[in-house]
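Please see the structure below; I have some questions.
The values are calculated or read from the model by the stated rules, or taken from the named source; none is laboratory data. Quick caveat: nothing in here was measured; it's all calculated off a predicted structure. Cβ atoms come from the backbone with ideal geometry, glycine included; neighbour counts cover every protein chain shown.
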Amino acid sequence: MARTDVQLMLDVKAGDEASFELLLRKYRTPLVNFLYRMVRDTAVAEDLAQEVFLRVYRARDQYAPSAKFTTWMFRIATNLALNSVRDNRHRRMEISMDQTVGTGEDEQRPLEVPDRAPSVEQELVARCRAELIMKAIHGLPEKQRAAVLLHKYQELDYDEIAGVLECSESALKSLLFRAYETLRVELAPLVNNSVRA
Amino acid sequence: MFGSKNSGKQCAALESKLVEYLDGRARPAERHAVEEHLAACADCRSRAEEFRSLWSALDELPSISPSPAFDASLRSRIAAEPARHGFWEWMPSPRLVFAMTALVAVSVWLSSTPRFKTIAPSASQSSQQSPANQAAQITAESDFGMIRDLPELENFDVISKFDALSELSVPAATSTPEPRKEAR
C-alpha cells in the first residue's frame with residue numbers, strides 16, 4: 001500500500017532520505033508549474049521550487065502532521081512566490097526609472113506547447129491563446145491568482161486552499177468567484193467562441 | 001451581480017455556490033438548490049455556461065517540466081546543508097560558553113571585591129601613634145567600614161559632597177583615613 005505524504009514526511013523525519021526523494025518526484029512538476037504561473041519566470045520558478053523543498057527538508061525534524069502535507073508545502077510556495085513577485089515589482093520599478101525601452105515580459109521564455117505535430121498556424125494560435133490566458137491569470141490580484149491556480153490546476157480541496165491562503169472557506173469561495181468573473185471578462189474572446197461553438 | 005431584479009438575492013447567493021457546483025464538489029442539497037435556480041434564471045444559466053467555457057479555456061495552458069538540472073541542483077543545495085548533530089546541536093558554541101563563563105566570573109569577582117580598600121598602617125606608624133589617636137583611628141575605620149560595606153557606592157564623588165562625609169578623603173588617594181575632628 002502506498003504511503004501517504006504525511007507518512008513519507010514522518011519517514012524523512014526518522015532519517016529516511018529515500019522518502020524525501022519520493023516526495024520530490026511527486027511534487028516537483030506541480031510545484032514548478034504553480035510557481036511558474038505565479039511568477040511567470042521559469043528560472044525563478046525553479047529556484048523557488050528548490051527553496052520550497054529545501055525548507056521542507058530543513059523542517060523535517062520539527063515536522064508534525066497537523067495539516068495535510070500539500071497544505072503546508074503550498075503555503076511555503078505561495079509565501080515565497082508572493083515575496084518574489086513583490087521584490088520583482090520593486091526591481092522593475094527601479095529599472096523603469098532608468099530605462100524606458102522593453103517591458104521585460106517579452107523576454108520571457110515562450111510557453112512549451114505540447115507537441116502533437118500541429119501545423120505552424122495551429123501552433124501559433126495555441127501559443128497566442130496560452131499567452132492570453134497566462135497574462136489574464138497574472139493580471140489577477142496575488143491572492144486571487146494563488147486561489148485560482150490552487151483550485152483549477154492543483155485541484156486542492158477548499159479547506160486546503162483556505163489553509164494555504166489563511167482565510168475562511170466562505171471567503172475563499174467568494175474570492176474564487178470574483179477571480180473567475182475577472183477572467184471571464186478578460187478572456188471573453190476565448191470564452192464566447194467556445195460558448196458559440 | 002447578475003440575474004433579474006426579482007431573483008437578485010438568489011443570484012447573489014449563487015455567487016458563493018456556483019464555483020463548487022461547477023467543479024462537482026457541492027453537497028447534494030446545495031447542488032439541488034443551484035440547479036433549481038439555474039432552471040429558473042436564464043442569466044445565471046448563461047453565466048454558468050460561460051464559467052464552464054472559461055475552465056475549458058484555462059485547460060489550454062500548457063504545463064512546463066522542471067529542467068534536467070533541477071534535481072542535481074537541489075541535491076547540491078541539500079548537500080550544502082549542515083549535518084544533523086543530535087544532542088550536541090542543542091549545545092551552545094564553545095565561543096559562547098567561554099564568553100558566558102568569563103562574564104559570570106567577572107560578575108562574581110566584581111561583586112565580592114570591595115570598592116574602597118583601606119591600607120593598614122605600617123607597624124612603625126601604629127607604634128608611634130598615641131592611644132588617643134589609635135582609638136580615633138579605630139572609630140574612623142569602623143565608620144568607614146560601615147560606609148564601605150554599603151551595597152552601592154559607585155557615585156562616590158556625589159556622596160562625598162554630603163556634609164557628613166565631606167571630611168572623608170578619597171580612599172584610593174590616601175593610605176590612612178583621617179580621624180574625625182571630634183576625636184582630635
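Of everything in the range A:145-196, what is of a type in the set (D, E, K, R) and either under 18 Å from B:L22 (Cα atoms) or over 20 Å from the mean Cα position of the chain (by Cα) (or both)? Give them in sequence order. Break it down stepwise before answering.
Quick first cut of the range A:145-196, residues of a type in the set (D, E, K, R) only: A:145, A:152, A:155, A:157, A:159-160, A:166, A:169, A:173, A:178, A:181, A:184, A:186, A:196.
Correct list: A:K152, A:E155, A:D157, A:D159, A:E169, A:K173, A:R178, A:E181, A:R184, A:R196.
Which one of the conditions (1) out of contact with any helix residue (DSSP H, G or I) (no Cβ under 8 Å at 6 or more places or on another chain); (2) in a helix (DSSP H, G or I); (3) not polar (S, T, N, Q) does A:G15 fail to meet, given that it meets all the rest?
Result: A:G15 fails condition (2) only.
Rundown of residues vs (1) of a type outside the set (S, T, Y); (2) within 8 Å of chain B (Cβ to nearest Cβ), yes/no style:
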site	(1), (2)
A:L149	yes, no
A:D159	yes, no
A:S168	no, no
A:A171	yes, no
A:S174	no, yes
A:T182	no, no
A:E186	yes, no
A:P189	yes, no
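Per-residue answers, yes or no, for (1) more than 8 Å from chain A (Cβ to nearest Cβ); (2) on the phi > 0 side of the Ramachandran plot; (3) free of Cβ contacts under 8 Å to residues at least 12 places away in the same chain:
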{"residue": "B:R31", "(1), (2), (3)": "yes, no, yes"}
{"residue": "B:E36", "(1), (2), (3)": "yes, no, yes"}
{"residue": "B:A48", "(1), (2), (3)": "yes, no, no"}
{"residue": "B:L74", "(1), (2), (3)": "no, no, yes"}
{"residue": "B:I78", "(1), (2), (3)": "no, no, yes"}
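While we're here: Which one of B:F98, B:F70 is at pLDDT below 90, surrounded by 10 or more Cβ atoms within 10 Å (Cβ to Cβ) and under 47 Å from the mean Cα position of the chain (by Cα)? Walk me through how you get there before you give the answer.
Working: B:F70 fails: at pLDDT below 90.
Selected residue: B:F98, the only one of B:F98, B:F70 that is at pLDDT below 90, surrounded by 10 or more Cβ atoms within 10 Å (Cβ to Cβ) and under 47 Å from the mean Cα position of the chain (by Cα).
Moving on. Hey, can you tell me all the residues within the range A:25-62 that are of a type in the set (S, T, N, Q) and either under 19 Å from A:L140 (Cβ atoms) or more than 9 Å from chain B (Cβ to nearest Cβ) (or both)?
Listed by number, the residues that qualify are A:N33, A:Q62.
When you go through B:V34, B:V19 one by one, which is the residue that is under 20 Å from A:V185 (Cβ atoms) and modelled with pLDDT under 95?
Working: B:V34 fails: under 20 Å from A:V185 (Cβ atoms).
When all the criteria are applied, what remains is B:V19.
Given the structure, is A:I133 crowded, with 22+ Cβ neighbours inside 10 Å and either at the interface with another protein chain (Cβ under 7 Å from one of its Cβ atoms) or in contact with a Pro (Cβ under 6 Å, 6 or more places away or on another chain) (or both)? Even if it seems obvious, please write down each step before you answer.
Numbers: crowded, with 22+ Cβ neighbours inside 10 Å: yes; either at the interface with another protein chain (Cβ under 7 Å from one of its Cβ atoms) or in contact with a Pro (Cβ under 6 Å, 6 or more places away or on another chain) (or both): yes.
It is true that A:I133 is crowded, with 22+ Cβ neighbours inside 10 Å and either at the interface with another protein chain (Cβ under 7 Å from one of its Cβ atoms) or in contact with a Pro (Cβ under 6 Å, 6 or more places away or on another chain) (or both).
Could you give me the residue pairs with C-beta distances under 8 Å whose first residue belongs to the range A:1-16 and is over 13 Å from A:D61 (Cβ atoms), whose second residue is among the acidic types (D, E) wherever it lies, and which are 6+ apart or on separate chains?
A:R3/A:D11
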